[in-house]
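Encoded as structure tokens, the structure appears first; notes follow it.
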Amino acid sequence: MTGIESEEHKALRTAVATLGTRYGREYMATVTRENRHPTELWSDAAELGYLGANLPEAYGGGGGGISELSIVLEELGAAGCPLLMLIVSPAICGTVIARFGTDTQKQQWLPGIADGTRTMAFGITEPDAGSNSHRITTTARRDPDTGDWLLTGRKVFISGVDIADAVLTVGRTEDSRTGRLKPCLFIVPRDAEGFSRRRIDMELDSPEKQFELTFDDVRLPAGALVGDEDAGLLQLFAGLNPERIMTAAFAIGIGRYALDVAVRYARERTVWKEPIGAHQAVAHPLAQAHIDLELACLMMRKAAALYDAGDDVGAGEAANMAKYAAGEACVKAVDQAVHTLGGNGLTREFGLASLITVARVARIAPVSREMILNYVSHQTLGLPKSY
């Protein structure tokens, strides 16, 4: 991988940027204030084929990969209107079903995910598990009489459940040979009996809402299990690697948006004789932010290329590093942008203040920077674990 984009990818960037410019930051601020979802942007992105860019053509997708889908999210973010559900529905759930789902599951879900008429949320995080996926307590057991699954447990900080048709849920089943619990993935319809949700009151300024989920002996048919019961961990990470790559795209896009606002302001704002951007104290931090975003983008492209090539191990390392680098770069870019504008950086007119909390999400979710450093230290560098 050279890091230089193909002409097709450049054309995709230009096209998505055009769509994003039609909406922009004010549109996202409006739908957030009105407590609704960006359905107009979502529908237009679907009509243009962007939502299913990574899904197989046989199911209405674009036949590309995470490389293409990450471009879509990055450019929408750079225009000020990132779609968080792009990470959840096509990137995580769509990828897992496309790779491991049954023919029935693919027919049932992929065309709708690709054309925007169906949405799927992803449930993994639990109140007492944190970043330790091995402590997940949501369990599924077989009904010996019917062969159905009975799912019990809780999830927390699950995005977009209010608009999702189903939640791809990470549970654990008992291995009959060892008695140990192993991860498995289940499709839980939103109207399943015993499945309930509670909205979490967040200060995060975003149209996508967060929920706590409760599964109280939710009965699911045998066909709700995605893939092989004994390959759950492989299938899980098939979704988590794209999640990290797409989170990097989300962060890079937001960082680019903030930096663009700051640079335009620094070119025009004159206090003494020259625009403030002529002063190194203003210019250098903006240049550093640009460099950091570009470096993060290169790592994201590497991770996406490795994943699309089928190198799950290589992609795991690169995806974690891309997410780390992008999260750090995003927070610094937003902070410097606000600082460059001074008091104006906190006004609604410039659309930066709300990004202060949004940017920090990329440091926290879907995995903290500390856990990524743990991963790199013992997986890449071979250092002993501290936990």
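So the values come out like this:
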{"quantity": "Spacing of the two label points (7 Å from each Cα toward its C-beta) at E26 and T357, in nm", "calculated": "2.4"}
{"quantity": "Reachable aspartates and glutamates, given that their alpha-carbon falls under 13 Å from the alpha-carbon of K182 and they are not under 8 places away in the same chain", "calculated": "E174, D228, E229, D230"}
{"quantity": "Cα-based reach from K10 at 18 Å (exclusive), listing lysines while leaving out same-chain residues under 8 positions away", "calculated": "K302"}
{"quantity": "The chain - percent of accessible surface contributed by carbon and sulfur, probe 1.4 Å", "calculated": "52"}
{"quantity": "5 Å-binned pair-distance histogram of the stretch 307-387 (Cα, whole percent)", "calculated": "3, 15, 19, 16, 15, 11, 9, 7, 5, 1"}
{"quantity": "Interatomic Cα distance distribution for the stretch 36-92, bins of 5 angstrom, percent", "calculated": "5, 20, 33, 28, 11, 3, 1"}
{"quantity": "Cβ-placed point charges (K, R +1; D, E -1), dipole of the stretch 68-186 about Cα centre in debye, nearest 20", "calculated": "500"}
{"quantity": "Reachable lysines, given that their alpha-carbon falls under 19 Å from the alpha-carbon of K332 and they are not under 8 places away in the same chain", "calculated": "K323"}
{"quantity": "Theoretical FRET efficiency, 1/(1+(r/R0)^6), r = Cβ-Cβ of L295 and S196, R0 41 Å, to 0.05", "calculated": "0.40"}
{"quantity": "Filtered trypsin sites (Lys or Arg not before Pro), the stretch 15-47: DSSP coil and at most 13 other beta carbons within 10 Å", "calculated": "R36"}
{"quantity": "Beta bridge orientation in the chain: antiparallel %, DSSP, nearest 5", "calculated": "85"}
{"quantity": "Among G343, I245, V226 the positive-end extreme of the charge dipole of the stretch 212-365 (Cβ point charges)", "calculated": "G343"}
{"quantity": "Per-q log10 I(q)/I(0), the stretch 241-296, q = 0.20, 0.22, 0.23 Å⁻¹ (Debye; single scatterer per alpha-carbon; no solvent)", "calculated": "-0.72, -0.81, -0.85"}
{"quantity": "In nm, spacing of pseudo-spin labels at R264 and E203 (7 Å Cα→C-beta vector)", "calculated": "2.9"}
{"quantity": "Volume of the Cα convex hull of the stretch 1-87, divided per residue and given in Å³", "calculated": "91"}
{"quantity": "Directionally averaged shadow of the chain, computed from the convex hull of its alpha-carbon atoms, nm²", "calculated": "20.1"}
{"quantity": "Set of the stretch 333-356 residues, backbone N closer than 20 Å to the point 7 Å along the Cα-Cβ line of K273", "calculated": "none"}
{"quantity": "By average C-beta atoms within 10 angstrom, highest first, the peptides 152-158, 300-306", "calculated": "300-306, 152-158"}
{"quantity": "Accessible solvent surface per residue of the stretch 1-67, calculated while the other protein chains remain in place, 1.4 angstrom probe, Å²", "calculated": "51"}
{"quantity": "Compactness of the stretch 99-250 - radius of gyration and Dmax, Cα, Å", "calculated": "15.2, 48"}
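The values are calculated or read from the model by the stated rules, or taken from the named source; none is laboratory data. Quantities reported herein were computed from a predicted structural model and do not represent experimental measurements. Because the Cβ atoms are built from the backbone with ideal geometry, glycine has one as well, and the counts that use them run over all protein chains shown. Only protein heavy atoms, including side chains, enter the accessible area calculation; ligands, DNA and RNA are left aside. Shrake-Rupley method; radii C 1.70, N 1.55, O 1.52, S 1.80 Å.
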